[in-house]
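The values are calculated or read from the model by the stated rules, or taken from the named source; none is laboratory data. Note that the structure is a prediction, hence the values are computed from the model and not measured. Glycine gets a Cβ as well: all are built from the backbone with ideal geometry, and neighbour counts include every protein chain shown. SASA here: full protein model, heavy atoms, side chains in, ligands and nucleic acids out. Shrake-Rupley method; radii C 1.70, N 1.55, O 1.52, S 1.80 Å.
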Amino acid sequence: MAGEGEVVRGNKKVVLRGYVTGSPKESDMEVVTSSTVRLTVPEGSTAVILKNLYLSCDPYMRLRMTKHDEKNPNFVPDLVPGEVITGYGVSKVVDSGHPDYKPGNLVWGSGIGWEEYSVITNPQGLLKINHPEVPLSYYTGLLGTPGLTAYVGFYEVSSPKKGEYVFVSAASGAVGQLVGQFAKLLGCYVVGSAGSDEKVNLLKSKFGFDDAFNYKKEQDLNAALKRCFPEGIDIYFENVGGAMLDAVLLNMRAHGRIAVCGMISQYNLQKHEGVRNLMLTIQKRIRIEGFAVLDYISSYGKFEQMVLQYLKEGKITYVEDVAEGLENGPAALVGLFAGRNVGKQLVVVAREIAVCGMISQYNLQKHEGVRNLMLTIQKRIRIEGFAVLDYGSSFGKFEQMVLQYLKEGKITYVEDVAEGLENGPAALVGLFAGRNVGKQLVVVARE
């Protein structure tokens, strides 16, 4: 409960050392290990204290590392030198004075610090995680803002139709890999560009793109696009900007649409490159529309429902690039702008282990020692035992879900049946010798 107890913990964090000019470097950030945090909310406060599990590395964070003013505004607040870096992440509520959040709730959202624990005074940017059965890291990407960005940029901004020709730049990234899969599910012809042969292979073999090319190996982007789209492009999902956008404009079809999600090639430039072929928007009646995912939060429920269904049906897949530990966060973020990531880049702050049982120890008078517990510090692992008796209130929700899965044939269950009470002792003893195959039970009577 809020205000009860007074627990103080060390709180490792990553801070911005100063505003960045040009390409970001690891030295622009600093890992601070001397900070502490109180894990109880003061009486009367509506703050929420979070234990951070996963942090999202996103291109827009580079924009926040530069000082902006009224003449050159930014669509998101600038970071402050000397203070912790903030962004999107996945966390667990440790303590709360807010009526909407209770200790143990899993949440994702914005304003989460690059630190082990965050105190959120205004939790408006947080959303509860209602589907903990999927990997929690997905809420930094597939089920987070990158996923929603792909959804609104493709379905709502681009207004796609079956059979159209779709091009996606930075196609193996957190957003692009989903745009391509959404387009294929709709029945479009899809081509992606990426910065390595490994990524090109991923686009074609794992994500189902019809074709892909390594833009770093193409001397003429216009020729590369004509090769892939001899009949032109209907939809361009823009993540790059610069020379790629100029080449795309030459290859757009009449009434084509360009959804501008990002322009990562321009983020580190003090003077942005000019786009020379904008006159073609008149000749070809092309619509270019920039969008910000924050304007579409109301679409999240519809998006989440669709993606969860696709996941259950095995129709989409998602690739993550995982950096372990806060100390590796700066390198992961910098690597994003050098194209070192393959898939969605995220940072693991802490992993959680659910301890259901330890059958190997039940028959020992002296339990075996666990030798590798030091790794819980290095890898920020949380080990938590639980007893099912504490969760009786969840039975209704559990039963409804499992019955539905059974009806749909999505799960199966194996039983090992001993007939008659007289065989009960042997069945129980066999459990500890590993003789059972599946759930061991004893039939007393059949009806």
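For the condition assigned to a helix (DSSP H, G or I) and either open to solvent by less than 10 Å² (accessible area, probe 1.4 Å) or not aromatic (Phe, Trp, Tyr) (or both), what is the one hit in Ser118, Ser91, Ser137?
Working: Ser118 fails: assigned to a helix (DSSP H, G or I); Ser91 fails: assigned to a helix (DSSP H, G or I).
Of Ser118, Ser91, Ser137, the one residue that is assigned to a helix (DSSP H, G or I) and either open to solvent by less than 10 Å² (accessible area, probe 1.4 Å) or not aromatic (Phe, Trp, Tyr) (or both) is Ser137.
Residues in the stretch 123-162 that are under 30 Å from Ile49 (Cα atoms) and touching a residue at least 24 places away in the same chain (Cβ under 8 Å): 22 in all. The set of residues in the stretch 300-338 that are of a type in the set (Gly, Ala, Ser) and open to solvent by less than 20 Å² (accessible area, probe 1.4 Å) comprises Ala323, Gly325, Gly329, Ala332, Gly335. Among the residues making up the stretch 412-445, a single one is open to solvent by 70 Å² or more (accessible area, probe 1.4 Å), part of a loop (DSSP other than H, G, I, E, B) and closer than 14 Å to Ile359 by Cα: Arg435.
If you check Ala194, Ala247, Ala243 for being small (Gly, Ala, Ser), within 24 Å of the chain's Cα centre (by Cα) and under 24 Å from Tyr60 (Cα atoms), only one passes: Ala194.
One residue is enough: does the stretch 263-276 have a residue meeting the conditions surrounded by 15 or more Cβ atoms within 10 Å (Cβ to Cβ), over 25 Å from Gly22 (Cβ atoms) and either in contact (Cβ under 8 Å) with a residue 12 or more places away in the chain or touching a helix residue (DSSP H, G or I) at 6+ places or on another chain (Cβ under 6 Å) (or both)? No, the stretch 263-276 contains no residue that is surrounded by 15 or more Cβ atoms within 10 Å (Cβ to Cβ), over 25 Å from Gly22 (Cβ atoms) and either in contact (Cβ under 8 Å) with a residue 12 or more places away in the chain or touching a helix residue (DSSP H, G or I) at 6+ places or on another chain (Cβ under 6 Å) (or both). Just one of the listed residues (Met244, Met279) is open to solvent by 60 Å² or more (accessible area, probe 1.4 Å) and among the hydrophobic types (A, V, I, L, M, F, W, C), namely Met279.
So, Leu336, is that one in a helix (DSSP H, G or I) and more than 20 Å from Ala170 (Cβ to Cβ) or not? No; evaluated as a whole, the condition is false for this residue.
Could you go through the stretch 97-108 and let me know if any residue there is part of a loop (DSSP other than H, G, I, E, B), within 29 Å of Gly314 (Cβ to Cβ) and aliphatic (A, V, I, L, M). For the stretch 97-108, residues part of a loop (DSSP other than H, G, I, E, B), within 29 Å of Gly314 (Cβ to Cβ) and aliphatic (A, V, I, L, M): absent.
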